Amino acid sequence: MTMTWIQEIRHIVGDEHVQTKQSSLLSYAYDATPNFNTKPEAVVAPASEQEIKEIVTVCANHQIPIVPRGSGTNLAAGTTPTQGGVVLLFHRMYRILELDEDNLTITVQPGVITGDICEAVEAKGLFYPPDPSSMKISTIGGNINENSGGLRGLKYGVTKDYVLGVNAVIANGDVIRAGGKNVKDVAGYDLTSLFVGSEGTLGIITKATLKLVPLPESKQTLLASFDSIERAAETVSQVIANKLTPATLEFIDRATIQAVEDYTHVGLPTDAEAVLLIEQDGPPSICEHDIQLIQGIAIEHGAITTQIAETEERAAELREARRSALSALAKRSPTTILEDATVPRSEIATMVKAIEAIALEHDVNIATFGHAGDGNLHPTCMTDLRDKDEWERVEAAFAAIFRKAIDLGGTITGEHGVGEMKSPYLAWKVGDEGIQLMNQIKLAFDPEHIMNPGKIFHRSGGEVDE
Amino acid sequence: MSEAITQAFQERISEDDLLNCMKCGFCLPACPTYVETQDEVHSPRGRISLMMAVRDGEIDDVHEVEESLNVCLGCRACEPACPAGVNYGEMLEEARAIFYEHKDVPLQEKALRKTTLNMLFTDQEKMGKATSLLRFYQRSGLQKTARKLKVMNFFPDHMQQMERVLPDVPKRAKQHREVTFPSETDQTKATAAMFKGCLMDTLFHETNQSTITLLNRAGCDVVVPDTQGCCGALHGHSGKKAGAKELAKQNIQAFEQADVDYIITNAGGCGAFLHDYDHLLENDAEWAERAKAFTDKIVDFSTVLMDLDFPNEAALNIDQQIITYQDSCHLRNVLGVADAPRQLIQAIEGAHYIEMPHADQCCGSAGIYNLTQPEMSMQILDHKMENVDTTRATTIVTTNPGCLLQMKLGIERTEQTDTMRAVHLADLLLEALSTEDLNSD
Ligand SMILES: Cc1cc2nc3c(=O)[nH]c(=O)nc-3n(C[C@H](O)[C@H](O)[C@H](O)COP(=O)(O)OP(=O)(O)OC[C@H]3O[C@@H](n4cnc5c(N)ncnc54)[C@H](O)[C@@H]3O)c2cc1C
Ligand code: SF4
Ligand code: SF4
């Protein structure tokens with residue numbers, strides 16, 4: 001019988017943890033990316049590293065693709081089982097294994113929800129800074145494999161800056177123990193870093209040790225609005241040039257301001273071309289000093305309005321307004337595509353202008369918001385995937401946006417990953433040589449291509465036509 | 001069969017609404033059945049993709065989808081959590097209606113639904129009779145005998161516990177006819193018509209009286225129209241839409257005559273369903289506008305009490321105790337009422353309010369869900385009671401009869417009947433009022 005591999009897996013994890021009903025397969029056919037839905041052949045929920053080892057061995061023997069899936073919130077078609085096989089879940093590996101207050105580390109299983117990690121460490125006066133907007137839903141395994149970023153990236157960095165060590169099961173069934181609790185560790189190649197951002201294509205993360213820092217004492221929030229994108233961008237540059245590093249430096253364009261204000265009514269200036277939301281954290285005196293300096297810089301560079309939140313409630317409202325950007329835009333159309341083309345900070349104004357021009361040229365509807373502090377923009381397209389003609393124009397517009405980002409010294413994705421969706425564009429960024437080297441690395445870990453096949457690497461292997 | 005269902009999905013569930021779900025997963029932590037199972041088959045986006053699969057004819061056995069929808073509590077916690085504004089509740093109701101129309105309900109469940117729905121809920125007269133029977137059973141000593149003989153042992157555990165928590169049924173005579181209860185303040189501040197609700201009017205008759213007294217005390221005239229019927233929620237939620245529409249029309253008519261500022265409910269479940277009448281009748285030319293006028297007036301009594309500044313109007317006192325609040329899903333997620341009940345409890349002197357973790361999550365009662373999906377319902381309830389216990393509360397307050405019964409059941413299951421009680425907000429407020437204030441001015 002051809003189905004024996006499923007029976008073998010049932011034997012490993014128990015019947016109740018293997019789903020093959022059509023309804024189950026349909027429920028794991030998607031992630032947060034439109035248009036890549038494909039059913040897997042089985043959905044499997046292992047409880048331990050040992051079980052994963054055994055599952056991988058069975059899959060390797062039968063050449064069955066394995067698609068690791070955290071909460072399926074990625075935006076790059078990273079968990080859609082487009083070549084069938086097994087969707088591997090981690091909800092039974094949801095434990096925080098150790099919070100080490102002496103070494104300032106936390107060791108967790110891959111299925112822990114990121115927000116739960118933050119809560120657990122903050123209760124001890126510690127801080128895990130990477131905060132993707134999806135942190136209340138996404139798993140740490142997903143964050144590590146996408147190298148997710150967040151609002152605090154400018155000052156605190158992204159996920160990769162906090163992963164000290166991982167355990168991973170690779171395609172031959174070996175368990176690799178990379179890194180550990182040591183802040184300094186140069187024993188051989190940095191395999192930990194290789195696994196971070198590997199999108200499930202190199203191995204399955206079964207455990208991770210993360211770095212923690214002390215929790216900042218206080219926070220200040222400033223909102224500044226501008227009548228031109230250039231002025232907002234100039235303010236960003238000057239803040240950085242003045243050696244101030246705000247915890248958060250977020251940008252919202254006019255279309256997004258409109259949508260957010262309609263949705264939240266927090267009183268955003270709808271006549272502005274751009275709004276910056278800036279936060280500083282740290283000891284109260286420094287916080288206050290920094291935020292006033294930043295306010296001064298904003299006013300100097302032509303801000304039409306500036307407002308420092310007087311109360312925590314107001315600050316929360318403003319923060320919420322920024323966080324609801326995607327929601328507010330999503331309500332406006334059947335299909336919403338959130339991209340994350342990224343450019344060096346100095347090129348933000350140029351890039352935002354270019355996005356506007358590209359949208360106009362392709363006759364599509366794009367609003368832009370994002371992390372101005374690190375140049376990570378989120379051009380967001382409101383469309384309808386049933387409209388084939390428009391869909392083609394949307395794809396063309398995004399290709400043009402990626403191309404422009406690269407021309408400006410940027411990249412096709414700052415934090416969402418390549419997945420299957422952006423695999424055609426990877427060569428634009430890393431070149432054919434880059435792809436070839438990555439391919440060789442991939443082969444060293446996974447010679448039979450069973451680990452999340454079709455992701456990162458474009459199927460035809462080559463570049464897309466322009 | 002499957003084809004007919006697929007066709008009905010195509011005709012009645014809009015592709016736009018289904019596509020509006022971008023599968024972002026933001027609803028996952030809000031959904032009690034996903035939290036319990038960690039299975040996307042039981043998540044909002046999973047259910048939406050399954051409805052889509054039925055619509056597209058991509059699933060052979062549509063009953064797998066029906067099963068997923070049956071396990072859904074219909075609590076609609078996924079709606080406020082959803083960035084894209086997906087109308088989950090509407091799609092769910094339509095899908096359930098389609099399945100109901102196309103399928104033989106299992107015999108046992110059919111019997112259950114038939115008695116609870118047709119016999120009891122459509123007709124308050126019958127509801128009265130049935131509860132009279134229950135009353136007879138309780139008062140006659142039959143209940144004691146039955147308990148002694150352990151007749152209930154033949155029923156599943158939770159049914160037995162359920163039987164123990166049913167409140168005593170008040171005498172028939174107490175049930176009111178069209179009456180007006182005048183405001184007790186110098187000036188009438190507002191006028192209201194009270195929606196009685198079938199469960200509230202029978203099993204929880206006292207609570208309706210409390211509600212009226214509180215409103216009077218807050219300066220509100222309250223009239224109770226006598227031609228009103230059941231809200232139709234239990235029909236709508238279990239897929240019998242036609243019956244629900246008939247009830248809606250009857251109620252709209254009954255309340256149109258009252259000509260008041262507010263139409264008051266004290267049962268979150270009914271309130272939410274009444275609030276959706278405009279949607280229920282949107283395609284009915286004759287009724288659409290009348291339904292809209294009706295739904296615009298629907299409010300929960302707690303909102304009105306806060307609007308009329310009741311906490312400052314009355315002195316509220318109670319013996320020192322820790323109190324926690326369990327949201328009624330529909331009150332919170334559909335009517336958007338979350339603060340008013342909490343503010344009212346906190347206004348009582350002697351009440352130490354402690355919020356329980358996940359107070360906003362469904363208790364697992366969900367209409368007749370605790371009868372049709374006992375396992376999931378009890379699993380959710382047991383987790384709920386763990387959350388209650390963290391507060392050390394001795395009083396659990398709710399704003400919906402189903403939740404009230406379910407919380408009583410939780411207290412019974414955890415064997416805490418001696419130290420813990422569950423009460424409706426209106427009864428708690430009346431208790432706080434009656435010690436000093438009732439006849440003071
Ligand atoms: C509304 C919304 C907002 C978002 N905001 C942000 C944001 O601010 N910043 C940001 O960076 N991202 C954001 N994202 C994208 C997404 O949430 C992140 O990529 C997140 O890290 C994915 O986590 P997940 O648990 O859902 O992983 P999944 O989507 O399930 O998986 C992501 C990748 O990790 C792999 N994977 C998962 N677990 C394992 C494991 N144990 N071992 C090996 N591989 C594994 C998968 O194969 C896949 O390639 C957002 C998404 C949405 C829908
Ligand atoms: S939150 Fe809304 S859009 Fe997102 S998956 Fe859930 S139902 Fe769909
Ligand atoms: S109605 Fe409640 S149980 Fe049903 S999908 Fe929504 S949140 Fe989950």
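The values are calculated or read from the model by the stated rules, or taken from the named source; none is laboratory data. None of the values given here were measured: they were computed from a predicted structure. Because the Cβ atoms are built from the backbone with ideal geometry, glycine has one as well, and the counts that use them run over all protein chains shown.
Tabulated results
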quantity	calculated
Condition met for A:Trp391 (buried (at least 17 other Cβ atoms within 10 Å of the Cβ) and free of Cβ contacts under 8 Å to residues at least 12 places away in the same chain)	yes
Neighbours by Cβ (under 6 Å, 6+ apart or cross-chain): first from region B:416-431, closer than 19 Å to B:Glu349 by Cα; second part of a loop (DSSP other than H, G, I, E, B)	B:Leu425/B:Thr399; B:Ala426/B:Asn266
First in region B:45-56 and in contact (Cβ under 8 Å) with a residue 12 or more places away in the chain and part of a helix (DSSP H, G or I), second anywhere and among the small types (Gly, Ala, Ser) and within 13 Å of ligand 2 (Cβ to nearest atom), Cβ under 6 Å, 6 or more apart	B:Gly46/A:Ser27
A:Glu250 among the charged types (D, E, K, R), part of a helix (DSSP H, G or I) and modelled with pLDDT of 90 or more	no
Selection within region B:18-37 - within 13 Å of ligand 3 (Cβ to nearest atom) and facing chain A (nearest Cβ under 8 Å)	B:Gly25, B:Phe26, B:Leu28, B:Pro29
Sole residue being surrounded by fewer than 24 Cβ atoms within 10 Å (Cβ to Cβ) and within 19 Å of the chain's Cα centre (by Cα), chosen from B:Lys245, B:Lys249	B:Lys245
Sole residue being touching a strand residue (DSSP E or B) at 6+ places or on another chain (Cβ under 7 Å) and not assigned by TED's automatic domain parsing to the domain that holds A:Glu312, chosen from A:Lys184, A:Lys207	A:Lys207
Region B:186-206, residues that are within 15 Å of the chain's Cα centre (by Cα) and of a type in the set (Gly, Ala, Ser)	B:Gly197
Hey, A:Leu244 within 26 Å of A:Ser346 (Cβ to Cβ) and either at pLDDT 95 or above or in contact with a helix residue (DSSP H, G or I) (Cβ under 9 Å, 6 or more places away or on another chain) (or both) or not	yes
Hey, A:Cys118 under 21 Å from the mean Cα position of the chain (by Cα) and either away from ligand 1 (no atom under 11 Å from the Cβ) or farther than 20 Å from B:Gly25 by Cβ (or both) or not	yes
2 or more residues under 23 Å from A:His91 (Cα atoms) and within 11 Å of ligand 1 (Cβ to nearest atom): qualifying strands (runs of 3 or more DSSP E) within region A:123-241	A:163-169, A:204-211
Pairs with Cβ under 7 Å, 6+ apart, first in region B:12-23 and without any contact (Cβ under 8 Å) to a residue 60 or more places away in the chain and more than 11 Å from B:Gly85 (Cα to Cα), second within 10 Å of ligand 2 (Cβ to nearest atom) and in a loop (DSSP other than H, G, I, E, B)	B:Lys23/A:Tyr30; B:Lys23/A:Ala32
Checking B:Asp56 against (1) at the interface with chain A (Cβ under 7 Å from one of its Cβ atoms); (2) closer than 30 Å to A:Cys381 by Cα; (3) more than 16 Å from ligand 1 (Cβ to nearest atom), the condition it does not meet	(1)
Search result, residues across region A:138-156 that are within 26 Å of A:Thr201 (Cα to Cα), modelled with pLDDT under 95 and either surrounded by fewer than 24 Cβ atoms within 10 Å (Cβ to Cβ) or assigned by TED's automatic domain parsing to the domain that holds A:Gly78 (or both)	A:Gly150
Any chance B:Pro32 is farther than 30 Å from A:Thr383 by Cβ, within 16 Å of ligand 2 (Cβ to nearest atom) and modelled with pLDDT of 90 or more	yes
Scope region A:46-66; condition closer than 19 Å to A:Gly111 by Cβ and more than 14 Å from every other protein chain (Cβ to nearest Cβ); matching residues	A:Ser48, A:Glu49, A:Gln50, A:Glu51, A:Ile52, A:Lys53, A:Glu54, A:Ile55, A:Val56, A:Ile66
Residue count, region B:310-325 (criterion: modelled with pLDDT of 95 or more, under 20 Å from B:Leu214 (Cβ atoms) and either part of a loop (DSSP other than H, G, I, E, B) or among the hydrophobic types (A, V, I, L, M, F, W, C) (or both))	1
Any hit, region A:22-40, residues being part of a strand (DSSP E or B), in contact with a helix residue (DSSP H, G or I) (Cβ under 6 Å, 6 or more places away or on another chain) and either surrounded by 21 or more Cβ atoms within 10 Å (Cβ to Cβ) or of a type outside the set (D, E, K, R) (or both)	no
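Results for (1) free of Cβ contacts under 8 Å to residues at least 40 places away in the same chain; (2) of a type in the set (Lys, Arg); (3) outside any loop (DSSP other than H, G, I, E, B), shown as yes or no for each residue.
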{"position": "B:Leu331", "(1), (2), (3)": "no, no, yes"}
{"position": "B:Leu335", "(1), (2), (3)": "no, no, no"}
{"position": "B:Pro341", "(1), (2), (3)": "no, no, yes"}
{"position": "B:Ile345", "(1), (2), (3)": "no, no, yes"}
{"position": "B:Ala351", "(1), (2), (3)": "no, no, yes"}
{"position": "B:Glu355", "(1), (2), (3)": "yes, no, no"}
{"position": "B:Asp360", "(1), (2), (3)": "no, no, no"}
{"position": "B:Gly364", "(1), (2), (3)": "no, no, no"}
{"position": "B:Asn370", "(1), (2), (3)": "no, no, yes"}
